[in-house]
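We did not get these values from a lab; they are worked out from the coordinates using the rules stated. Every value quoted in this text rests on a predicted model; they were computed, and no experiment measured them. Methodologically, a virtual Cβ is constructed for each residue, glycine included, from the backbone with ideal geometry; neighbour enumeration extends over all protein chains shown.
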Amino acid sequence: MTLPALPGGAQLLADQLAAALEQMPDPSGGPAAGQLERDLAEAFGVPYAVAVASGTAALHAALSACGIGPGDEVLVPALSVVMTVAPLGALGATPVFIDSDPATLDLDYDDAARKVTSQTRAIIPVHLWGRMGDAAALAAFASEHGLAVVEDAAQAAGTARDGQRAGTVGTVGCISMKDGKILWSGEGGFLLTARREIAEHATAFRSHWQPAPSGEAPLSRLATNSRLAAPLAAIALANLRRLASLVELRRAQTCHLLHALEQTPGLLALAPATREEWNGFAPLLHIALPNPRAFAEHLAQQAVPNSTGSFRLIPCDARPMFTGRDRPCRGAAQILDHMLAVILTERDTETTLDRYAAVIATEATAWAT
Ligand SMILES: Cc1ncc(COP(=O)(O)O)c(C=O)c1O
């Protein structure tokens, strides 16, 4: 299988970056971030996009814009990274961890319903590895319980389900542009929303409450700075213009690796849901071998980077700062303990992928015996 070429990537990036640098220094921040926001809104088909310095900053601004504050409880899947939860701590809100269904990776709505209280204000669905849950089930749950939906679509640029793009199904959607994401700018992030007051709040929140939302005075509240710097906005603009090619490449890379591992004992590829157009963020394999987590860690030591082996990804509710609060989320633990999620970037050539496949196949065969 041949990977598709990425047309003109390096030149496009160099041209955009040079244009941004020519306009610097500019204390107003220059035009790149504003242009990026207009282009993001158009590309994702939403009225508003607000560019910020990271995916975490996007979540922080989004949750603040939804009115989340001290005393509020927010439902968060234990099947996530700790960056999803950090903004809740900063806002004084309490994360309430909910489980995920090992068969689908989607939220366990029965568990979520059991954990709703009179303090629950929002839910953060996390499209981990770019996989997107059932948007209709999410909307029904949120509406039944009167919750805001803040999507953590950090890894999900380019995924859609039932024709709806990840990041556009909730009250507000947050995407990271950290290096390694499909749409990358080194560091960076943005939020997407159809609601003007949320976009205005986030715009004020990321820059010392200036400009302020309609009807408020500039600098009338304390806020910090999480603006996206012009050179990074320029890189994001260049990558946004080739987003379709970047997603196509990632899907082809994932397909290539999964195809090469089809006959490998003890490894079963996880297929996306029906009507899910998955961005192929990371090839996902269920490890049906003894000591599966140790196997993922062993692969990381053999230079096959992967979520659980390289980054020791564990359910959020099992992290030391949260243990003891909720009943453990066993579905999330089961998913992560058996998951091989290979970490890819656009630089991974067929040679790299074939090397990963050869190492994984050899080690799986040896591990099984
Ligand atoms: C699921 C998820 N949420 C949030 C984040 C935070 O994004 P950032 O690193 O850009 O702050 C990440 C990034 O790694 C992520 O993968």
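Here are the numbers for the structure shown:
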quantity	calculated
Among Pro292, Pro7, Gly186 - extreme Cα towards positive end, dipole of the chain, charges at beta-carbon	Gly186
Bridge type composition, the chain - antiparallel percent by DSSP, nearest 5	60 percent
For the stretch 243-368, convex hull volume per residue from C-alpha positions, Å³	131 Å³
Net charge dipole size for the stretch 9-241 [Lys, Arg +1 and Asp, Glu -1 on Cβ; Debye, nearest 20]	340 debye
Euclidean distance between Cα centres, the stretch 294-369 to the stretch 75-113, Å	20 Å
Inter-part distance where the stretch 223-278 and the stretch 25-49 are each reduced to a Cα centre, Å	22 Å
Stretch in the chain that is longest and holds no GluC sites (Glu not before Pro) that DSSP places in a loop and that have at most 14 other beta carbons within 10 Å	1-215
FRET E, pair Ala194, Val82, Förster distance 35 Å, beta-carbon r, rounded to 0.05	0.75
Between the stretch 192-215 and the stretch 142-189, the alpha-carbon center distance in angstrom	18 Å
Directionally averaged projected area (convex hull, Cα atoms, the stretch 56-118), nm²	4.4 nm²
Rg [Å, one decimal], Dmax [Å, integer] - the chain, C-alpha atoms	20.6, 69
For the stretch 97-225: rounded, prolate or oblate by the Cα gyration tensor [a/c cutoff 1.5]	oblate
Candidates Asp26, Asp317, Asp134: whichever shows maximal mean-square fluctuation once the chain is modelled as a Gaussian network with Cα springs under 10 Å	Asp26
DSSP-assigned coil residues among trypsin sites (Lys or Arg not before Pro) in the stretch 178-246, each with at most 15 further Cβ atoms within 10 Å	Arg195, Arg221
13 Å reach of a label modelled at Met24, 7 Å along Cα-to-Cβ, counting backbone N of the stretch 187-226	187
